Number of protein chains: 2
Amino acid sequence: MTAPKYKRLTPEDRAAELVQAGLRVLAKGGITAFTIDNICKASGASRGLVGHHFGGKDGLLAACYAAAYAPLLQVIAKDGTAPPLPDLLDELLSDRQFRRESLNIWLALWAEIGVNEGLRAEHLRQYDRYHAAISASIAAFAGERQVAAEMLASSLIALLDGLWVEMCIAPSRMSLPRARQAVEALLVPHLGRV
Amino acid sequence: MTAPKYKRLTPEDRAAELVQAGLRVLAKGGITAFTIDNICKASGASRGLVGHHFGGKDGLLAACYAAAYAPLLQVIAKDGTAPPLPDLLDELLSDRQFRRESLNIWLALWAEIGVNEGLRAEHLRQYDRYHAAISASIAAFAGERQVAAEMLASSLIALLDGLWVEMCIAPSRMSLPRARQAVEALLVPHLGRV
DNA sequence: TTTGTTGTTGAACGAACATACAACAGTGCT
DNA sequence: AGCACTGTTGTATGTTCGTTCAACAACAAA
């Protein structure tokens, strides 16, 4: 009876574990810490696996980006249709989404998107779905009142992004309640109490 | 008559040139491109100078951060006092400040601040001055009307940050006029036409 | 011109990096 | 038990990184 030297996983499971390890590394040390060594150490796997399953570091980064977007898209399209605006806001401003660890990941990925052409194309696809869902939720909530839903959605997304940034770089000056205040300062005058 | 092999600068001038080169590198390639080699190549200087003038790469990064904040602080404190809100907004939303190259620098620096404790402390000092000036401008513009100037300032800063992010990662979905629309959507209901 | 100060150079160094790949071993099948 | 398949390992390789430092040279003063 000899103990196995390693656990053999399906490609899907191994890929998922590497992606999760990559996100942990990104959250803790940013893009400069995103190295094969760090990722494999965080995952408990050996160096060769990233190349084997993702073709290289860039492949894993792209997969991490998609994985980071997943919870966001899950919220806005739980069953394919845009959720009611209050529910949407409650989720986006919940401690499930508004957490510093998650936000560091976004900061690291954004900086890379600004510089990496390939990643930006992938981002635009995800962003458009995100924008469309929020826009639909706003329009539905406004009902017959005339509001510029598209523009309000853009503003809301930007405001949320900015609040996430503040939460990362100045956590002592930002908090969940403060973030909610800011969102309400933008939306209430146009939509009434949400 | 022999051509000089290099130009000898004062420490201040040399430091300034290295900082400018660092900002160019940051704008073009993000934090991963911020290497001694790239910076010295961009500056036309030799490898040893960064260590000599800044003690190392981190020293130069801190100096670049301060240099990136300078134009912003110059705007809000032209003569020591907070400028009128409309002027402030015109400047912040001008193509002097709202340029993709500048914004890539911020994205790269933010990601680093989220992870680098020392840089974050320096950031907080600058941020507080920034917030105070904007808050004062809002309060002055509101006059006798009762507005939550502090909170509005936080929201405005976050919104601007977010608009900058969008400009970097989805330039095809964001523009200067759109950004102005978003800012007005936040401020006009509380302050009237600006 | 000569000399002293000091900003500058570029090679040298070890550490960390991404990638490739041949050997290995777990797993299911027969 | 034996076999084939394939996921996994870890070393090897060449590159790039940050830092150091002795030699060098521009410039000002004498």
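The values are calculated or read from the model by the stated rules, or taken from the named source; none is laboratory data. Here the structure is a predicted model, which means the values were calculated and not measured. All Cβ positions, glycine included, derive from the backbone under ideal geometry; neighbour counts span all protein chains shown.
Side notes on the structure shown:
- Qualifying residue in the stretch A:156-178 (condition: within 15 Å of A:Leu92 (Cβ to Cβ), among the hydroxyl-bearing types (Ser, Thr, Tyr) and within 8 Å of chain B (Cβ to nearest Cβ)): no
- A:Pro86 meets all of the listed conditions (1) in contact (Cβ under 8 Å) with a residue 60 or more places away in the chain; (2) within 16 Å of DNA strand C (Cβ to nearest atom) but one, namely (2).
- Just so you know, in the stretch A:73-86 the residues that are in a helix (DSSP H, G or I) and either within 14 Å of another protein chain (Cβ to nearest Cβ) or exposed (fewer than 15 other Cβ atoms within 10 Å of the Cβ) (or both) include one that is farthest from DNA strand D (Cβ to nearest atom), and it is A:Pro86.
- Output for the stretch B:14-41, where each listed residue is within 14 Å of DNA strand C (Cβ to nearest atom) and either of a type in the set (Lys, Arg) or more than 21 Å from B:Tyr69 (Cβ to Cβ) (or both): B:Arg14, B:Thr32, B:Thr35, B:Ile36, B:Asp37, B:Cys40, B:Lys41
- Entry remark, the stretch B:11-56: residues being over 19 Å from B:Ser102 (Cβ atoms), more than 10 Å from DNA strand D (Cβ to nearest atom) and surrounded by fewer than 17 Cβ atoms within 10 Å (Cβ to Cβ) number 4 in total.
- Residue satisfying condition, being modelled with pLDDT under 90, farther than 30 Å from B:Gly162 by Cβ and hydrophobic (A, V, I, L, M, F, W, C), within set B:Ala77, B:Ala45, B:Ala82, B:Ala3: B:Ala3
- Scan of the stretch A:43-72 for residues that are within 16 Å of DNA strand C (Cβ to nearest atom), of a type in the set (A, V, I, L, M) and either touching a Gly at 6+ places or on another chain (Cβ under 8 Å) or within 14 Å of another protein chain (Cβ to nearest Cβ) (or both), ordered by number: A:Val50, A:Leu60, A:Leu61, A:Ala62, A:Ala63
- Pairs meeting the criteria (first residue in the stretch A:15-32 and more than 11 Å from every other protein chain (Cβ to nearest Cβ), second residue among the hydroxyl-bearing types (Ser, Thr, Tyr), beta carbons under 7 Å, at least 6 apart or on different chains) are A:Glu17/A:Ser43; A:Leu18/A:Ser43; A:Ala21/A:Ser43.
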